[in-house]
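Novice: Mind looking over this structure? Questions follow.
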Amino acid sequence: MHSNSFLQTALKKLRRYKAAMAGLICIFIALLVAIFAYWIAPDPSPNANRMILEISGQSPGFKMKYLKLKKTDAKKAGIIERTVSGKPDQFTWIPITSYAVKNDSIIVQKYVDEGITERIAYANSAVLTMAQDDVGEYIEERTNWLGTDKYGRDILSRLIVGTRVSLSVGSIAVLISLTLGILLGALAGYYRGRTDDTIMWFINVVWSIPTLLLVFAITLVLGKGFWQVFVAVGLTLWVSVARMIRGQVFSIRELEYIEATRALGYSDIRTIVVHILPNVLGPVLVMGASNFATAIVIEAGLSFLGVGVQPPQPSWGLMIKENYNFIITNNPMLAIVPGLAIMVLVLSFNLLGNGLRDALDVRS
């Protein structure tokens, strides 16, 4: 009953912090976007990797008509497959400025560059699937709301799919950091003595290594890639959790009810898991929110430096790396937009962490 009333009180307090609730709403929206990314994105192809080189580096709001040529080897995706990994393109997209049907051919003016077109004729059989098909069904006008990158890929689609990477890295990294941190911190704080000295020595050694350098070392051992980033980031964030848990357990283990568990003959594992750790849940939640934000920033930095998520998988840090040259040219939004996405998501977790800190009375 006491734990339920405490939780209800904490939730009521949290609702009063408008900034924390705004952060929570942003996180919830980002979670929905990540889950249904391939249903929301204008380009639902795997990794939102539809390359149309003719329209590379276009500004936000760019519009173009396309002739869709059917692919003979295109695979169809079911609902689950599309949700998880995207829908393979069924067509080759040809940017055009105009088209005309003449006899058994479709004549188009293919867009090459600003003010430059090329006249190309396609046989009807290359476009239409059946004789009664209407050519208009295979002409589509699309708008790139956030522009296109240097490979002609839709920035909005890659931004949406890239949400998955940031939230996935944050989730796995926080899970790893909390597991290691709570385990080692609880052991050090409860047993003290030589156990505490050994664990604190290890913590201080890891703490003394710059975070980015440690991530580089772990990445070199594990290799570059999607899953390796999760582990590398998680193994760098556990130290602060361990130190905080150690301090909390240090003070709690001397309280009377913990002495009572020893007098009743309870095992050390039961005492730690059942009676100590639930009382440090507040600080753990706050630290988890903080580490989530830190993991997102570290992943973006790693991807920007080329040792994180590898192309063509979209990552916000990788998008900044691929498009930062546009900042000093004609289209800075290509790099600014993913940077803003990182800022908003990190700010949301920090605001939520601050709200949890106050609602759970961590300082007291």
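Novice: From the list Thr148, Thr219, which one is in the same structural domain as Thr92 (by TED's automatic domain parsing) and touching a residue at least 12 places away in the same chain (Cβ under 8 Å)?
Specialist: Going through Thr148, Thr219 in turn, just one is in the same structural domain as Thr92 (by TED's automatic domain parsing) and touching a residue at least 12 places away in the same chain (Cβ under 8 Å): Thr148.
Novice: Pairs only if they're at least six apart or on different chains, beta carbon under 7 angstrom, first in segment 89-105 and of a type in the set (Gly, Ala, Ser), second not in a strand (DSSP E or B); list them, first residue then second.
Specialist: Filtered contacts from segment 89-105: Ser105/Asn124.
Novice: Test of understanding: among Pro42, Pro60, Pro88, Pro95, which residue is in contact with a Phe, Trp or Tyr (Cβ under 7 Å, 6 or more places away or on another chain) and not in a strand (DSSP E or B)?
Specialist: Unique residue meeting the criteria: Pro60.
Novice: Taking segment 55-74, which residues are closer than 11 Å to Gly147 by Cβ and among the aliphatic types (A, V, I, L, M)?
Specialist: Ile55 - this is the single residue of segment 55-74 that is closer than 11 Å to Gly147 by Cβ and among the aliphatic types (A, V, I, L, M).
Novice: Moving to a separate point now. Just checking, which of Ile182, Ile160, Ile176, Ile172 is modelled with pLDDT of 95 or more and either on the phi > 0 side of the Ramachandran plot or in a helix (DSSP H, G or I) (or both)?
Specialist: Testing whether each residue is modelled with pLDDT of 95 or more and either on the phi > 0 side of the Ramachandran plot or in a helix (DSSP H, G or I) (or both) leaves just Ile160.
Novice: Moving on. Where residues in segment 1-25 are in a helix (DSSP H, G or I) and exposed (fewer than 10 other Cβ atoms within 10 Å of the Cβ), which of them is modelled with the highest pLDDT?
Specialist: Looking at the filtered set, the residue picked out is Ser5.
Novice: When only residues in segment 36-72 that are among the charged types (D, E, K, R) and touching a residue at least 40 places away in the same chain (Cβ under 8 Å) count, which is surrounded by the fewest Cβ atoms within 10 Å (Cβ to Cβ)?
Specialist: Lys63
Novice: Could you say whether any residue in segment 329-337 is under 16 Å from Val174 (Cβ atoms) and among the hydrophobic types (A, V, I, L, M, F, W, C)?
Specialist: Within segment 329-337 (the criterion being under 16 Å from Val174 (Cβ atoms) and among the hydrophobic types (A, V, I, L, M, F, W, C)), the answer is no, since none of the residues qualifies.
Novice: Considering only segment 73-82, state which residues are outside any loop (DSSP other than H, G, I, E, B) and surrounded by 16 or more Cβ atoms within 10 Å (Cβ to Cβ).
Specialist: Arg82
The values are calculated or read from the model by the stated rules, or taken from the named source; none is laboratory data. This one's a predicted model, so the numbers in the text were calculated from it and none came from an experiment. Methodologically, a virtual Cβ is constructed for each residue, glycine included, from the backbone with ideal geometry; neighbour enumeration extends over all protein chains shown.
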